[in-house]
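These notes concern the structure reproduced below.
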Amino acid sequence: MSSLTRRDYGAEVVVVLWVSLGASAIRAGLALVERLTAGVPLADQTATLVAPVTPDRPWLDFAYQVSFIVLPLGAVALVWYLLHRSGDSFAVIGFDLTQPRRDLVRGVALAAIVGGAGLIFYLVAFRAGLSVSIAAAEVSGMWWQWPVLLAQALMNSVLEEVVILGFVLLRLEQAGVSPRWAIVIAALIRGAYHLYQGFGGFVGNVVMGLLFGWLFYRWRRVGPMVVAHFLIDAVAFVGYAMVADRVAWLPG
């Protein structure tokens with residue numbers, strides 16, 4: 001049995017967020033302020049999610065892309081350590097392979113619902129001037145960029161759902177925060193680190209966070225949400241890179 005106190009659990013949440021998505025939320029907020037004060041409407045600005053760093057030196061660009069995937073997973077490793085230290089494991093948040101078929105079915109259904117609704121909401125927010133133009137992925141033709149895009153989607157899904165959905169909700173609950181408020185707090189954090197996309201990205205991700213949080217408390221598993229998040233990002237990254245210059249109604 002864990003000897004940690006409620007204060008300890010709260011401190012763990014602060015530390016994990018400090019070195020991961022909480023820090024991203026602060027930078028995203030600053031990026032939004034920069035965009036709003038640039039004298040250019042949000043809809044005329046573009047945010048590229050995955051882009052080459054040194055396209056003229058493919059070997060170095062590949063190293064950069066791998067670092068963007070591997071280094072953020074340090075926060076997931078920290079979560080594993082903190083859970084292990086308290087006598088738990090990833091199983092307590094449902095990040096395991098004990099229910100692969102159920103997680104997959106639920107994840108695919110969620111991806112279809114959330115992905116479709118999210119695309120519609122993004123287009124409406126963009127037309128209303130509340131969102132930047134999002135260029136999901138920019139590729140320069142190297143063969144390895146396609147598996148890198150999928151790996152980036154997998155990293156995003158694991159990082160966000162294990163940290164924000166699983167760990168933060170679990171530790172807030174153990175710290176004495178009611179499930180309702182824990183869901184709201186986690187959803188607001190999720191929305192905050194998407195502020196660089198504009199107000200549309202913030203609102204859309206808060207809504208997704210509320211839904212995912214409610215489902216986590218029903219299922220006690222992040223597995224379905226990891227699957228859903230991966231599929232949404234994979235379709236966005238790969239799909240955008242393949243059809244962006246062929247679809248007139250797609251911003252960016």
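Points to keep in mind about this one:
- With eigenvalues of the C-alpha gyration tensor scaled by 5 and rooted, the stretch 11-50, Å: 28, 11, 5
- Separation of alpha-carbon centers, the stretch 156-224 and the stretch 25-94, rounded to whole Å: 16 Å
- Counting only alpha carbon atoms, the long axis of helix 100-127 and the longest principal axis of the chain meet at about 50°.
- Which labelled figure in (i) 0.93; (ii) 1.02; (iii) 1.19 is Cα Rg over 2.2 N^0.38 Å, once derived from the coordinates: (ii)
- Vicinal HN-Hα couplings computed from phi for the stretch 70-78 (Karplus, 6.51 cos²θ - 1.76 cosθ + 1.60; Hz; Gly/Pro x): 7, 4, x, 5, x, 5, 5, 4, 5
- Its DSSP H runs of at least 4 residues, each contributing -39,500 (n - 2.57), put the calculated 222 nm mean residue ellipticity of the chain at -21000 deg cm²/dmol, to the nearest 500.
- The stretch 44-154 shape via C-alpha gyration tensor axes, a/c threshold 1.5: oblate
- Note that the stretch 91-216, at 25 °C in a medium of 0.890 mPa s, gets a Stokes-Einstein diffusion coefficient of 152 µm²/s from its Kirkwood radius over C-alpha pairs.
- The stretch 64-118 shape via C-alpha gyration tensor axes, a/c threshold 1.5: oblate
- Dipole in debye (nearest 20) - the stretch 2-158, about Cα centre, beta carbon charges: Lys, Arg +1; Asp, Glu -1: 340 debye
- Gyration tensor verdict on the stretch 4-91 (Cα atoms; rounded if a/c is under 1.5, prolate if a/b is larger than b/c, oblate otherwise): oblate
- Ellipsoid fit via the Cα gyration tensor, the stretch 127-191: semi-axes of 33, 19, 5 Å, each the root of five times an eigenvalue, largest first.
Where a number appears in this text, it was derived from the coordinates with a stated rule and is not lab data. Note that the structure is predicted; figures quoted are calculated from it, not measured. Don't worry about glycine lacking a Cβ; one is built from the backbone with ideal geometry, like all the others, and counts go over all protein chains shown.
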